[in-house]
Amino acid sequence: SLTLKHGAHRLGKRTDPMMERWRNYGLGQFIHWGLYAIPGGHWNGAYYGGAAEWIRAWKGMPNEQYDNLYKEFDPAEFDPKAWAEQAKDMGAKYMIITTKHHDGFCLWPSEFTDYDVTNTPYGNDIIGPLVEAYDAVGIDVYLYFSVMDWNHPGYRSKLETINDKEAYEEFKEFTRNQLLELLERYPTTKGLWFDGTWDAAWKEQADFADNLATEMREMIPGLIIGSRFRPDDYGNRHFDSNGDLMGDYEQGWERKLPETYEETKGNDWDCVMTVPENQWGYHSDWRGHVKTSYELIEMLVKSVSLDGNFVMNFGPNGQGEIRQEETQLAKEIGEWMDKNNEAIYGCGYLDWEKQDWGYYTKDRQTGKIYMIVFNRPLNGALKIKTPDKVSLDKVYSLKDSSQSFVPEEIHKNEFFIHYPFSEHIDSPIVIVIEPSSNEIDQNNSYQKA
Ligand SMILES: C[C@@H]1N[C@@H](C(=O)NCc2ccccc2)[C@H](O)[C@@H]1O
């Protein structure tokens, strides 16, 4: 393997309490909010189909007109407590808020730029009240920060001339100043979700980024930073040039999910997901497929079953309101979570063979196994294949523990659980398999009895 100065500094998962807490979240809320919510995907009456938070990049949107939107930012309906309550009711355990997206507009009063909330009609800090409101309801806050910054004069996507390099040095100092400022202002922040780090210019900054990550971790010990921040000596992010994960968890799953445990490489990871196909910021005219709560719950369950967290995106509008579609989804997901979160929180991958009816999760503490059934076979026979000598003597419905099941052994280590076809079921059902006391070991499966 290559000798890297700025490659992965740790092999394998972080095992400290802050990372354990992160690993057990299950469900998170992403919030994309900024100036892009004002046009909401339209400009001069024209509809823009691309991601609404990228509208500045659309050829029909003159940059200086976008950049002057800050003069209209006055979200009269912004109610951080209401947002936090809604996230609590949905069952989110953490929240990621855009402090600065690619446009460079800062939702906090930054000492290092005038392009921030203090110079808008609204005038006040947005991030502080959000951190306070979410902390108050016990939801951990993470700060999204885009390195790419279309507003800063020193930003470059690539470094070609001496001027580029000089300008970029100022940009790097600005970036460091803003990050340290955020951690200073919001010390209860549990981690940073970096974005906009794909440019060639940034990929040359292995040393700078490595030192900055060290500095940030010194400011907030245990700070959680994903794989999208640092480039290694050869400009590789996510995985260094030896293929080792950089950062504390893998951040590659944006609007997509792994299919198998092997694809996760056994790392911690999160999936961040939009409700429409590809809108993070507010778009007033969602077109194409809008995900249902059933689909989002399946993505959540699939993530947890493969040892990941699922982060659902919300895009509040220019007035600071959460749109009705997202409110309805939060309500429906919350209803399912109220009854079934035992199969989500603190749960992860179980190394039993995946079956067609759905997903297994395993509680890392108790060893309880959950069968989360989405596709009940027409004959109601749910197949289970277990490792050797596993006894399935305590199997029951999570919804009603008096409804127990006696699995029918059909082969060695192969069983059917017959689920009564009678009931009408329109949301995923959860069946619990309780380990008998001496069966669970920590290697993610039942020991041979
Ligand atoms: C979390 C999302 N990331 C931003 C984005 O630009 N994604 C598109 C993209 C994803 C991966 C490589 C390059 C570009 C989106 O605007 C959201 O903020």
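The values are calculated or read from the model by the stated rules, or taken from the named source; none is laboratory data. Quick caveat: nothing in here was measured; it's all calculated off a predicted structure. Quick reminder, even Gly has a Cβ in these numbers, built from the backbone with ideal geometry, and neighbours come from all protein chains shown. Side chains included, ligands, DNA and RNA excluded: accessible areas come from the protein's heavy atoms. Shrake-Rupley method; radii C 1.70, N 1.55, O 1.52, S 1.80 Å.
Any residue at all in the stretch 391-398 that's among the aliphatic types (A, V, I, L, M) and either over 35 Å from the mean Cα position of the chain (by Cα) or surrounded by fewer than 13 Cβ atoms within 10 Å (Cβ to Cβ) (or both)?
No, because not a single residue in the stretch 391-398 is among the aliphatic types (A, V, I, L, M) and either over 35 Å from the mean Cα position of the chain (by Cα) or surrounded by fewer than 13 Cβ atoms within 10 Å (Cβ to Cβ) (or both).
Any idea which residue in the stretch 40-73 is most open to solvent (accessible area, probe 1.4 Å), counting only those that are more than 20 Å from residue 114 (Cβ to Cβ) and part of a helix (DSSP H, G or I)?
So the residue we want is 54.
Residues 341, 379: which one is open to solvent by 10 Å² or more (accessible area, probe 1.4 Å), closer than 25 Å to residue 423 by Cβ and assigned to a helix (DSSP H, G or I)?
Every option except 341 fails the conditions.
Considering only the stretch 95-148, how many residues are within 18 Å of residue 316 (Cβ to Cβ) and among the aromatic types (Phe, Trp, Tyr)?
6
Would you check which residues across the stretch 246-276 are within 14 Å of the ligand (Cβ to nearest atom), surrounded by 14 or more Cβ atoms within 10 Å (Cβ to Cβ) and either assigned to a loop (DSSP other than H, G, I, E, B) or not charged (D, E, K, R) (or both) and list them?
The answer is 251, 252, 253, 271, 272, 273, 274, 275, 276.
Would you please list the contacts, defined by Cβ atoms under 7 Å and residues six or more apart or on different chains, that run from a residue in the stretch 48-77 that is polar (S, T, N, Q) to a residue that is open to solvent by 50 Å² or more (accessible area, probe 1.4 Å)?
none
Going by the structure shown, is residue 254 under 26 Å from residue 97 (Cβ atoms) and out of contact with any Pro (no Cβ under 8 Å at 6 or more places or on another chain)?
yes
This table checks each residue for (1) open to solvent by less than 30 Å² (accessible area, probe 1.4 Å); (2) part of a helix (DSSP H, G or I); (3) basic (Lys, Arg); (4) over 24 Å from residue 343 (Cα atoms).
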| residue | (1), (2), (3), (4) |
| --- | --- |
| 201 | yes, yes, no, yes |
| 213 | yes, yes, no, yes |
| 228 | yes, no, yes, yes |
| 231 | yes, no, no, yes |
| 236 | no, no, no, yes |
| 279 | yes, no, no, yes |
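Taking residue 386, is it open to solvent by less than 60 Å² (accessible area, probe 1.4 Å), of a type in the set (S, T, N, Q) and farther than 30 Å from residue 285 by Cβ?
yes
If I filter the stretch 158-170 for residues that are modelled with pLDDT of 95 or more and within 16 Å of the ligand (Cβ to nearest atom), do I get at least one hit?
yes
When you go through 21, 14 one by one, which is the residue that is of a type in the set (Lys, Arg), crowded, with 17+ Cβ neighbours inside 10 Å and either away from the ligand (no atom under 15 Å from the Cβ) or part of a loop (DSSP other than H, G, I, E, B) (or both)?
14
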